[in-house]
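Some notes on the structure that comes next.
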Amino acid sequence: MQSDIFGAALAFAAGAGLAAVNYLISRRVLQKAPDKYAAAHVAEQSIQVLFLVVLFVFGDRTGWDRLWLTAGGCLGVTVPMLWTTRKLVRLNDSLHRKEDSDNG
């Protein structure tokens, strides 16, 4: 049981790292080419799903239970979204405010 929690914590950390990289990519796309944000988001989500599939499929080859690994990975990619989504929405709003003031 104790080692399963350690495996879940490692999967959480890897998922959170992946979420952080995806946030940086999303922020860059919003700043440089907002019209391509939807395509970038689909690619990011595909990578996250692939990460979870790899945890599930290859979890038995580790010393940890695959259920704990998958749960940790799911939380790792999901929990940071509470923060990153808010930051991306604020960034998007600030970019649109700048455009609105230039147009008027």
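Of Leu82, Leu67, Leu24, the residue with the greatest mean-square motion in the GNM of the chain, using alpha carbon springs below 10 Å, is Leu82. On full extension, the segment bounded by Asp93 and Ala43 gains 15.7 nm, given 0.36 nm per residue less the C-alpha separation. The three principal axes of the Cα atoms in segment 1-62 give end-to-end lengths of 46, 18, 11 Å, sorted in falling order. Select from Gly76, Gly17, Gly63 the residue whose mean-square fluctuation is largest in a Gaussian network model of the chain (Cα-Cα springs shorter than 10 Å). Top of the fluctuation ranking is Gly63.
Going through (1) 35, 13, 7; (2) 35, 12, 10; (3) 49, 13, 9, the figure that equals semi-axes √(5λ) of the Cα gyration tensor in Å as computed for the structure here is (1). Counting only protein heavy atoms and a 1.4 Å probe, the chain has 68 square angstrom of accessible area per residue.
The values are calculated or read from the model by the stated rules, or taken from the named source; none is laboratory data. In this text, all values refer to a predicted model and were calculated from it rather than measured experimentally. Remember, those area values only see protein heavy atoms, side chains included, never the ligands or the DNA or RNA. Shrake-Rupley method; radii C 1.70, N 1.55, O 1.52, S 1.80 Å.
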